[in-house]
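Derivation of every value follows stated rules applied to the coordinates shown; laboratory data play no part. These numbers come from a predicted model, not from an experiment. Don't worry about glycine lacking a Cβ; one is built from the backbone with ideal geometry, like all the others, and counts go over all protein chains shown.
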Amino acid sequence: MSAADLASLEVAVNRYLDHLRIARRYAPGTITNYARELTLLARHARDHGVHDWSGLPPVVLQGLMASEHRRGRGPGSLRHLASACRSFFQWLIREGTLVANPAAGLRAPKLRRRLPHVLDVDQAQRLVELDAEDPLVPRDRAVLELLYSSGLRVAELCNVRWRDLDLDEGLVRVTGKGNKTRVVPVGRRALAALRELRPTSEQADAPVFPGRGGKPLSPSALRLRLKQRASEQGIAQRVHPHLLRHTCASHLLESSGELRAVQELLGHADIATTEIYTHLDFQRLAQVYDRAHPRARQRRMPR
């Protein structure tokens, strides 16, 4: 197939990416991931004699999955590839280019569900109670308290501006995945830490956590600060923003049992995503049972 044939395949890919960017308002990182997967798909289709998307047989897709598996891609990565293909073809159906989705029967490897790591209550308390005396302590303490209090994603936290906070009502408005906005509660300790940062003059549009040049602190800079603070506080576990999101959700669910409330707090579209924290609860219960119940496991008899 010629370069022109590949270009004709990629025209549709680029139109779909524009759709995700403009109509769906996906984040730049998500667009980059889709572009990578669909460019791979277009090149694989070209190499197998496909001239346009309406002539793509399902066997070519199955070959792509097998090829990527041989190259060493794991189950999670392959599932992402399959999902990107399905979404793209579904859009082509709405556009009238396809009649049926060639990826409808595409099978990806089962993803082994991994339970997220969390801090225990004592570790979380030790982490947020910074006592160093450098000028960035108030900001970093507020970062930690807000992550642990409200379970925000790193991008959500970095983009919070003073206009998004209601310190009197204890609420923060954030914009999450898919440009969806939600309002979540802020805990008492986090509110106290944020009040320490509040500027004396009215700066509603200013970022709550500024980095260089007054712009919002970048996710990479925030991750680096958390790693440094965790080391200073003697936390051996690798600490990152999503760990505190997991920790917030796990501790809240453990105390309340309110799965729907945790789903709303985290902004999960599907409650099945939130249910992973119930598995953490059962895992902890099993550990306590094994340690405490006299008949939990066979004990060695004294001689």
Among Ile31, Gly76, His44 - extreme Cα towards positive end, dipole of region 3-95, charges at beta-carbon
Gly76
In Å, the C-alpha Rg and Dmax of the chain are 24.0, 82
Residues His251, His117 in order from fewest to most other beta-carbon atoms within 10 Å are His117, His251
Taking the Cβ of Thr39 as the centre, find all other residues whose Cβ is under 14 Å away and add up their charges (Lys, Arg: +1; Asp, Glu: -1).
0
Reported to two decimal places, what Rg/Rh ratio describes region 3-95 when computed on Cα atoms with Rh from the Kirkwood expression?
0.95
Counted charge near Gly234, where neighbours are those whose Cβ lies closer than 15 Å (Asp, Glu -1; Lys, Arg +1):
-1
Cβ-based net charge around Ala193, under 15 Å, with every Lys or Arg adding one and every Asp or Glu removing one:
+3
Need one number: convex hull volume per residue for region 168-282, Cα atoms only, in Å³.
151
Among 238-246, 91-99, how do they line up from the highest to the lowest mean number of other beta-carbon atoms within 10 Å?
238-246, 91-99
